[in-house]
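First comes the structure, then the notes that go with it.
The values are calculated or read from the model by the stated rules, or taken from the named source; none is laboratory data. All figures in this text were calculated on a predicted structure; none of them were measured in a lab. Here the Cβ is made from the backbone with ideal geometry for all residues, glycine too, and neighbour counts use every protein chain on show. Please note that ligands, DNA and RNA were not included when accessible areas were found on the heavy atoms of the full protein model with its side chains. Shrake-Rupley method; radii C 1.70, N 1.55, O 1.52, S 1.80 Å.
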Amino acid sequence: MTHEAARTTERSKARETGQARLPTRWGEFRIHGFEAANGSEHVALVMGDPAGSSAPLVRVHSECLTGDALFSQRCDCGPQLEAAMRRIGEAGEGIIIYLRQEGRGIGLLNKIRAYGVQDREGADTVEANEALGFAPDARDYGVAAAMLESLGVERLRLMTNNPGKVAGLESAGVVVVERLPILAGRNPHNHAYLETKAAKFGHHFDESTDPPSSGGN
Ligand SMILES: Nc1nc2c(ncn2[C@@H]2O[C@H](COP(=O)(O)OP(=O)(O)OP(=O)(O)O)[C@@H](O)[C@H]2O)c(=O)[nH]1
Ligand SMILES: [Zn+2]
């Protein structure tokens with residue numbers, strides 16, 4: 001059975017708290033800090049003037065401390081983040097919405113517990129979440145939509161393989177004009193993890209892009 005990651009999300013509020021220069025290997029971004037209504041903290045990396053573009057390049061990236069910062073090969077998150085930043089650097093314009101929804105929304109420590117269940121019992125990512133009493137995917141894209149609105153972006157081209165992320169953002173009011181695949185970081189340790197994403201969440205792992213949504217063009 002396919003678990004639908006997308007949920008109907010109300011557009012929540014996100015207050016911008018400050019911004020600054022952020023030079024990176026792929027060029028200079030501006031980093032914008034946001035605080036959501038529930039107090040959670042998120043950031044957006046902005047290059048160029050995406051608000052002035054009809055549908056800028058955007059990556060909505062879910063925090064993965066182990067993959068993004070600690071070089072874990074259990075997943076593909078770090079290489080995907082790098083690929084997205086490189087692509088925006090090449091385009092000279094775009095946004096990384098870095099959502100602090102670690103472990104698909106269950107938090108860092110619970111994700112480590114879920115990894116333990118996978119190691120001990122051979123469970124996949126979905127079964128491990130369920131064994132701990134969590135939904136397979138507890139993310140909410142309302143904050144991302146609010147951050148994009150604050151940055152003046154309503155229509156975008158989204159770098160993702162996850163159809164549930166597209167649906168989640170659209171139900172929060174964002175128009176995804178095009179889905180662009182982001183294929184990076186496949187390795188012997190994350191083979192089963194990627195297979196589970198394809199089988200249970202419907203992730204696309206080919207080079208095809210999806211046609212524009214009905215709200216597109
Ligand atoms: N609960 C849980 N979360 C995980 C696990 N492995 C990775 N994650 C989290 O999954 C999130 C990344 O989501 P994915 O489903 O891998 O990919 P996605 O962002 O939905 O899709 P793409 O846009 O194509 O990258 C990050 O927050 C990771 O911390 C796991 O085994 N259990
Ligand atoms: Zn990861």
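Taking 0.36 nm per intervening residue step and subtracting the Cα-Cα distance, what contour gain separates R120 from T24 on full extension? Let's see the in-between values first.
Numbers: separation 96, 0.36 × 96 = 34.56 nm, distance 3.88 nm.
Between R120 and T24, full extension yields 30.7 nm more.
A 1.4 Å probe run over the chain, with the rest of the protein chains in place, finds 47 Å² accessible per residue. Largest to smallest in accessible area, the residues D140, D124, D49 fall in the order D49, D140, D124 (1.4 Å probe, all protein chains included). In the chain, what percent of the accessible surface is made up of carbon and sulfur (1.4 Å probe, ligands and nucleic acids excluded)? The value for the chain is 51 percent carbon and sulfur by accessible area.
Eigenvalues of the Cα gyration tensor times 5, then square-rooted: what semi-axes does that give for the chain, in whole angstrom, largest first? Don't skip to the end; give the middle numbers.
Numbers: eigenvalues 141, 67, 66 Å².
With the √(5λ) rule applied to the chain, the semi-axes are 27, 18, 18 Å.
Across the options L45, N187, A83, the greatest Cα extent toward the positive end of the charge dipole of the chain (unit charges at beta carbon of Lys, Arg, Asp, Glu) belongs to L45. Scalar couplings 3J(HN,Hα) for the stretch 136-144, obtained by applying the Karplus form with A = 6.51, B = -1.76, C = 1.60 to θ = phi - 60°, are x, 9, 9, 6, 9, 9, x, 5, 4 Hz; x denotes Gly and Pro.
Output the pairs from K13/K197; K13/K165; K111/K197 with a Cα-Cα distance over 24 Å in this structure; if there are none, say none. Over 24 Å apart, Cα to Cα: K13/K197.
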